[in-house]
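Worksheet: one structure, shown below.
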Amino acid sequence: QEFEWMIPIDEQEGSHMIQSHAGRDPSSLGLTGVLIVEPKGSKYLDPWNSKPMESGWEAMIVNDEERDFREFVLVYHEVGDESFRPLNRHGEMIPQRDPMTDAYRPSARALNMRSEPFGINNLAQQEKRFHFEDESLAYSSYTFGDAPTTIPRSYLGDPAKFRLVHGGGEVFHSHHPHGGTIRWTRSPQSINNLTNLTQAAYDGPVKYPVVRTTSDRVDVKVIGPSETVDLETECGSGLCQR
C-alpha cells in the first residue's frame, strides 16, 4: 500500500515519526518509522560512496539552493515493554540486572534497533581474559572494536544535523554524546544570526565562536515517547574545542 503526503512549501524541515496507533505493542516491538522532510530541491547521497540513496539513518544532504550538511537520524527506543525478555545470540534470556554494572535490563535500551550490554560484554570480557576490569579502556574501540550501535562519522568541521526520534513507549531517553563540548542551542529560532555557531562551519572549522547567545547552549536533550527533535551542533563536526 502506498501513501502520498503533501508537504507545504513553507513547512520547515525536520523529522516526523510514523507508528501504529492500534496499540503500543507493535511500536514496542519495532513497528515504527521516520519520515524526514529536507529543504526543497535536496538530493540524498550515500556517505560511503556518494551515490544517490532513498533511505538510511545517515546521509549527505546536497542542495544547489541551500547549504549542504551531513544528517544522522537516531531513534531511541526500548526492546519490548518492561516485561519483555530479550535473548542473546545463543537464544538465552539476558538477565534483568547487569551483574557487572548493576544496570537494569541490559540490552533493553536501543539505538536504531541495535543494543550492546556494556557490562555483560565489555567488562565481562576483560574480567574473563585478564582477570581485572579496566573502565578506562572499556569504552575504547581500540580494546573491543567499534560498538554495534550507530556511529555518526564526518570530517572535521563538517556541518551536521541530528534528527532525534523516540520510537519507544516505556521510558524517557537522554541524548548526551559525552564529548564535553558537543553542544547545540536550546532554542535555535530565538537567534537571528547563527553564523559563528553553525553556518560558519559550512566554510570550514570555526576558530573564533561567539561566547554569549540569546539561547542557552546545552549538551543533553531528554525526549519522551513519540517525540522528535532536530539538533545542529555548534561549530560543525569536531565542535568549537579542537
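The values are calculated or read from the model by the stated rules, or taken from the named source; none is laboratory data. Owing to the predicted nature of the structure, the values given are computational and were not obtained by experimental measurement. All Cβ positions, even for glycine, are placed from backbone atoms using ideal geometry, and neighbour counts span all protein chains on display.
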(request) Run Ile9 past the list (1) in contact with a strand residue (DSSP E or B) (Cβ under 9 Å, 6 or more places away or on another chain); (2) loosely packed, with under 13 Cβ neighbours inside 10 Å and report the number of the one that doesn't hold. (result) (1)
(request) Residues being touching a Ser or Thr at 6+ places or on another chain (Cβ under 8 Å) and in a strand (DSSP E or B): count how many of those fall in the stretch 162-186. (result) 7
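Go through the stretch 37-73 and count every residue that is in a strand (DSSP E or B) and either among the acidic types (Asp, Glu) or touching a Ser or Thr at 6+ places or on another chain (Cβ under 6 Å) (or both).
Step one: of the stretch 37-73, the residues in a strand (DSSP E or B) are 37, 43-45, 52, 58-62, 69-73.
Retained after the next criterion (residues that are either among the acidic types (Asp, Glu) or touching a Ser or Thr at 6+ places or on another chain (Cβ under 6 Å) (or both)): 58, 61, 70-71.
Qualifying residue count for the region: 4.
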(request) Just name the residue that is nearest to the chain's Cα centre (by Cα) out of those in the stretch 74-90 that are outside any strand (DSSP E or B) and surrounded by 14 or more Cβ atoms within 10 Å (Cβ to Cβ). (result) Val79
(request) Evaluate the stretch 38-52: report whether one residue or more is modelled with pLDDT under 90, under 24 Å from Gly238 (Cβ atoms) and among the basic types (Lys, Arg). (result) no
(request) Considering each of Pro99, Pro152, Pro148, Pro95 in turn, give the residue that is in a loop (DSSP other than H, G, I, E, B), surrounded by 13 or more Cβ atoms within 10 Å (Cβ to Cβ) and either acidic (Asp, Glu) or free of Cβ contacts under 8 Å to residues at least 60 places away in the same chain (or both). (result) Pro95
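From Thr228, Thr150, Thr198, grab the single residue that is β-branched (Val, Ile, Thr), at pLDDT 75 or above and touching an Asp or Glu at 6+ places or on another chain (Cβ under 9 Å).
Numbers: Thr228 fails: touching an Asp or Glu at 6+ places or on another chain (Cβ under 9 Å); Thr198 fails: at pLDDT 75 or above.
Sole residue among the options that is β-branched (Val, Ile, Thr), at pLDDT 75 or above and touching an Asp or Glu at 6+ places or on another chain (Cβ under 9 Å): Thr150.
Kindly establish whether Leu45 is surrounded by 12 or more Cβ atoms within 10 Å (Cβ to Cβ) and among the hydrophobic types (A, V, I, L, M, F, W, C). Write out each step before concluding.
Values: surrounded by 12 or more Cβ atoms within 10 Å (Cβ to Cβ): yes; among the hydrophobic types (A, V, I, L, M, F, W, C): yes.
When the stated conditions are applied, Leu45 passes them.
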(request) Scan the stretch 32-89 for residues that are more than 18 Å from Arg109 (Cβ to Cβ) and polar (S, T, N, Q) and jot them down. (result) Ser42, Asn49, Ser50, Ser55, Asn63
(message) Cβ-Cβ distance below 8 Å, separation of 6 or more or different chains: which pairs start in the stretch 215-242 with a residue that is assigned by TED's automatic domain parsing to the domain that holds Phe69 and surrounded by fewer than 16 Cβ atoms within 10 Å (Cβ to Cβ) and end on one that is among the hydroxyl-bearing types (Ser, Thr, Tyr) and modelled with pLDDT of 85 or more?
(response) Val220/Ser174; Val222/Ser174
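Given the residues Ser83, Ser42, which is the only one that is in contact (Cβ under 8 Å) with a residue 24 or more places away in the chain and among the hydroxyl-bearing types (Ser, Thr, Tyr)? Spell out how you get there, then give the answer.
Details: Ser83 fails: in contact (Cβ under 8 Å) with a residue 24 or more places away in the chain.
It is Ser42.
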(request) Name, by its number, the condition in (1) of a type outside the set (Gly, Ala, Ser); (2) closer than 28 Å to Gln19 by Cβ; (3) buried (at least 17 other Cβ atoms within 10 Å of the Cβ) that does not hold for Asp158. (result) (2)
